[in-house]
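Remarks on the structure that follows.
The values are calculated or read from the model by the stated rules, or taken from the named source; none is laboratory data. Computed from a predicted model, the values in this text were never measured in an experiment. Every residue, glycine among them, receives a Cβ derived from its backbone with ideal geometry; neighbour counts consider all protein chains shown.
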Amino acid sequence: MPNLNTSILGACPFVEPPIEEQRAIAHILGTLDDKIELNRKQNETLEAMARALFKAWFVDFEPVRAKMEGRWRRGQSLPGLPVHLYDLFPDRLVESELGEIPEGWEWVPASRLIEFNPPEPLRKGTVAPYIEMSALPTSGSWPEPPVLRPFGSGMRFRNGDTLLARITPCLENGKTAFVQCLPDNAVGWGSTEFIVMRPRHPVPKEFGYLLARDEAFRAHAIRSMTGTSGRQRVQADSVAAFPVAMPSNEDLWQEFARVVSPAFKSIKANAETVETLAQLRDTLLPKLISGELRIADAEDFLKGRGS
């Protein structure tokens, strides 16, 4: 066809399913959309809970303040925190150059707890899972699915690592991900504009992601950006110097992992379900609309579901 206009398009014939079948199609696709939205909201709630716990324990030192203010007594507990966990926290805060900190704890650079851009073996040309910058979410931890691509040049990572965008405006927009989407023991790779954060033992893997989402950490990263306008980026050394409160009792790391790790496992399960349902919806939609797939007894289908 040498040209195309609205008259030609308006004359194109198409098949219109009966209204009962249209409603049945809408019900099926709407049910899938509802389940997708429910899983996404569940993941938002799970992450919010993990971030709130991170802030309470490692930023606001809420269990210590509860002891100091008499809101906790031995043999009792505050909502959401078992009694035995309070024994892992000191009884008071002390002054330091960087502000109050639990007694016995110390301010350390983030690099004491987290390895930045850890080396990983990956030969050039090796086909491996690839995550590009556009796949990182601006909120939430789950990136878009990786694609297989021969390794050329980029940052390498494993499951349990956190990816932090270091370039403007991606950093300011919040592009960050917690990697859980690779095959077991696989090395993935991605943009050279990622900073890879890998917690050191015994720090839980999820701690790296929660730190990367912390408001003070992100503000420090943004203030540390250098370079020409429009191409500014933060260096790994700058974020590695961010001060973090390190507990004196290593058992606290284990207890923190006991709470947050199941939340991130649920986030993974929900996100994988969302991907499966979205693929099913996108496959069904054109087939149902075109009539390639038909819904038998559409009216009875709707009546059986109270529509």
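Couple of notes before you dig in:
- The residue list 134, 229 contains one member that is under 23 Å from residue 40 (Cβ atoms) and of a type outside the set (A, V, I, L, M), which is 134.
- Within region 90-105, being surrounded by 15 or more Cβ atoms within 10 Å (Cβ to Cβ) and in contact (Cβ under 8 Å) with a residue 60 or more places away in the chain holds for 90, 101, 102, 105.
- Where a residue in region 17-39 is assigned by TED's automatic domain parsing to the domain that holds residue 274 and farther than 19 Å from residue 290 by Cβ and its partner, wherever it lies, is assigned to a helix (DSSP H, G or I) and charged (D, E, K, R), with Cβ under 8 Å and at least six apart: 33/281; 36/281
- Within region 63-77, the set of residues being closer than 13 Å to residue 87 by Cβ, at pLDDT 70 or above and not β-branched (Val, Ile, Thr) comprises 63, 66, 67.
- Residue 185 fulfils the conditions (1) over 21 Å from residue 261 (Cα atoms); (2) modelled with pLDDT under 95 except for a single criterion, (1).
- Residue in region 249-263 that is of a type in the set (Phe, Trp, Tyr), in contact (Cβ under 8 Å) with a residue 60 or more places away in the chain and more than 30 Å from residue 103 (Cα to Cα) present: no
- Scan region 106-120 for residues that are buried (at least 17 other Cβ atoms within 10 Å of the Cβ) and of a type in the set (Val, Ile, Thr) and the total you get is 1.
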